[in-house]
Amino acid sequence: MVDIAASVLGLDNIEAALDPLLDYLDIIHLDVMDGRYVKKKTLDYDDQSAYTVERIAEFVPPGVYLDTHLMIDLNSESRSKIKKFIDAGSCGVTIHYESFSDNNKSDISALLEYIRSAGVDAGIAVEPDTPVELLLPYLDLADRVLVMTVKSGEGGQGMIESALEKIPYLRSKGYDGIIQVDGGVNLNNIEKVKRAGADEIVIGSGLRKNNMPSLKIFNKFKDIVGYDDMPSLGIAGMLQKYFRNIYK
């Protein structure tokens, strides 16, 4: 089954925006940008990004996976940065291969090991124009590989479909972890992403109507990827909502 991750990038009031979907979401994807690795900055990166993760963790139903994607400069001294997001409630933390300078690539393994040692899933992301074979030395340490199908930093970009070719390549090299795709996914191309072999698909602007996540659009995506517990199925969706609500 393919999982859909709802991206909160660009949402002003995250709690209110996600409320229509909360009873049906499996994964919430939080993009964190520091204004250095990418030009854009989310919130006040140094003070509030980890707080946002903590706040989301407090209001989402039990069982929702909080997936934190760090688009920030990193090096061997970055454990304290990552620890903030782990302590805030992240279930998985993904770092970028490109976040490390050429002289610091050896630090990638150390940070992936650190994330795993903290009891959360470790992920490594790759930009569309980065050769995927550069990730091979790190695959044994990565629970998730995030294949970017747009250049990091801005929502609403068109998908670079050639980046999907990285998925079968990773499988051909024996990678059996989660492969996630993020960037430019919409109702017209999600089937192609599914057929490429993605396990998780991040959707941001494609999930929204008037910049607010739409349950109707969410259901359309779920129908295409073949979810078997859609809220529109009546009693199954009602039971799922009931059990999540009693544990809030």
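Throughout, read-outs are computed from the coordinates displayed, never taken from laboratory work. Note that the structure is a prediction, hence the values are computed from the model and not measured. Every residue, glycine among them, receives a Cβ derived from its backbone with ideal geometry; neighbour counts consider all protein chains shown.
Pairs exceeding 32 Å between alpha-carbon atoms, taken from K83/K220; K84/K216; K173/K222; K40/K216; K40/K173; K39/K105: K83/K220; K84/K216; K40/K173.
Take the Cα of A57, step 7 Å toward its Cβ, do the same at R79, and the gap between the two points is 1.9 nm.
Taken one residue at a time, the phi angles of segment 186-202 give Karplus couplings (6.51, -1.76, 1.60, θ = phi - 60°) of 9, 5, 7, 10, 5, 4, 5, 5, 4, 5, 5, x, 5, 8, 9, 10, 8 Hz. Gly and Pro are set to x. By other beta-carbon atoms within 10 Å, ranking R36, R208 with the fewest at the front produces R36, R208. Full extension of the chain between R195 and V225 yields a length gain of 9.9 nm, computed as 0.36 nm times the residue separation minus the alpha carbon distance.
Just how far, in whole angstrom, is segment 65-92 from segment 128-169 if you go by their alpha carbon centroids? A separation of 19 Å, based on Cα centres. Pull out the extension gain between R116 and R171, defined as 0.36 nm times the separation in residues minus the alpha carbon to alpha carbon distance; nm, one decimal. The R116-R171 span can extend by a further 17.6 nm. The label-point distance for Q157 and D12, in a model that sets each label 7 Å from Cα toward Cβ, rounds to 2.6 nm. What is the helix-to-structure angle for 107-117, meaning the angle in degrees between its Cα long axis and the longest Cα principal axis of the chain, kept from 0 to 90 and rounded to the nearest 10? Between the helix axis and the principal axis of the chain, the angle is about 40 degrees.
The C-alpha atoms of the chain define a longest principal axis, and helix 45-59 lies at about 30 degrees to it. Mean sequence separation of contacting Cα pairs (under 8 Å, at least six apart), scaled by the length of segment 3-246, corresponds to a relative contact order of 19 percent. Sequentially through segment 127-134, phi angles give Karplus couplings (6.51, -1.76, 1.60; θ = phi - 60°) of 6, x, 9, 8, x, 5, 5, 5 Hz, Gly and Pro residues having no value and appearing as x.
What aspartates and glutamates sit close enough to K209 to cross-link, taking a C-alpha to C-alpha distance under 15 Å and skipping anything fewer than 8 places away on the same chain? Leaving aside aspartates and glutamates fewer than 8 places away in the same chain, those within reach of K209 are D12, D19. The phi-based Karplus calculation (6.51 cos²θ - 1.76 cosθ + 1.60; θ = phi - 60°) puts the 3J(HN,Hα) values of segment 69-75 at 10, 8, 9, 9, 5, 9, 7 Hz, whole numbers, x for Gly and Pro.
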